[in-house]
Amino acid sequence: MREVDEAVRQDEAAQFALRYGKLIVALVVLALAAFAVWLWWRNHSADQLEKRSEQFVQALDQLDSGNRAAANAQLAPLAKDGTSAVAAGAKMIQAGILAQKGDTAGAAKAFFAVADDKDAPEAYRNLATVRGVAASFDRMKPEEVIARLKPLATPGNPWFGNAGELVGIAYLKQGRKDLAGPLFAAIAKDKDTPRSLQSRARQMAGLLGYDAVTDVDQVLAQQRQAVQPAGAPAQ
């Protein structure tokens, strides 16, 4: 009986191998091929990322040297890159070059192109929005400025100070001192806002009749530090 059972099992194994053997071999070969392609793609992506990084560095070096045309040449292929972060970064630098050349209209258009690109990273889009409005502020209607920047002009947002200042000025153009004053006061009290911007916002809030001073001693110390000559002893 044992010999019969063994013969039956061997026969079943042989039939299984005949029926499914080729399919199993094909699946194994396919899996190995897919793994090989994945390894190649990973190495290829790493090589491409390294090349793009080198191009970015070269473009920044050209900018530091004042060679804007050469920098643009380095950035052109990166701006067309399929990777959204790479393309957005290159376009931001190109827009900055236009701003340096005095082409504020072209710079604003380039910044807004990044700001409106839903595939670009949010950090790039927010920065592009602020810079685009700043470049074209004098040509924009107050309501356009507010529509663009109001989502960023909220406490806790990384761009609260910069966006809030522009929104506050837009409110003033509309004659809405009741909205501009509290906004400037909030910017002045925001600890994450740069001191220079805090100082401007505090002055604007005061002119509009809103108290923006949270710590008088601290403000006075900052003012003394700002006007104190370098190397002079603190008082």
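Quick note: the coordinates plus some simple rules give every number you see, no bench work behind them. The model shown is predicted, which means the values in this text are computed figures rather than measured ones. Here the Cβ positions follow ideal geometry from the backbone for every residue, glycine too, while neighbour counts run over all protein chains shown.
Multiply the residue separation of Lys141 and Ser196 by 0.36 nm, subtract the distance between their alpha-carbon atoms, and state the gained length in nm to one decimal.
That works out to 17.2 nm of additional length.
A simple charge model with +1 on the Cβ of Lys and Arg, -1 on the Cβ of Asp and Glu and nothing else charged puts the dipole of the stretch 106-177 at about 280 debye relative to its Cα centre. Counting only Cβ charges, +1 for Lys and Arg and -1 for Asp and Glu, the dipole size of the stretch 61-112 around its Cα centre is about 180 debye. Label positions at Ala85 and Thr104, each projected 7 Å from the Cα along the C-beta direction, are separated by 3.4 nm.
Of the listed peptides 122-130, 60-68, what is their order by residue-averaged count of other C-beta atoms within 10 Å, with the highest listed first?
Numbers: 122-130: 17.9, 60-68: 13.6.
Averaged packing, sorted descending, gives the order 122-130, 60-68.
Can you tell me how the stretch 97-175 classifies by the Cα gyration tensor, rounded, prolate or oblate, using a/c under 1.5 as the rounded cut? Oblate, because a/c is 1.5 or more while a/b does not exceed b/c.
Multiply the residue gap between Asp119 and Gln174 by 0.36 nm, knock off their C-alpha separation, and tell me the result in nm, one decimal place.
On the way: separation 55, 0.36 × 55 = 19.80 nm, distance 3.37 nm.
The Asp119-Gln174 span can extend by a further 16.4 nm.
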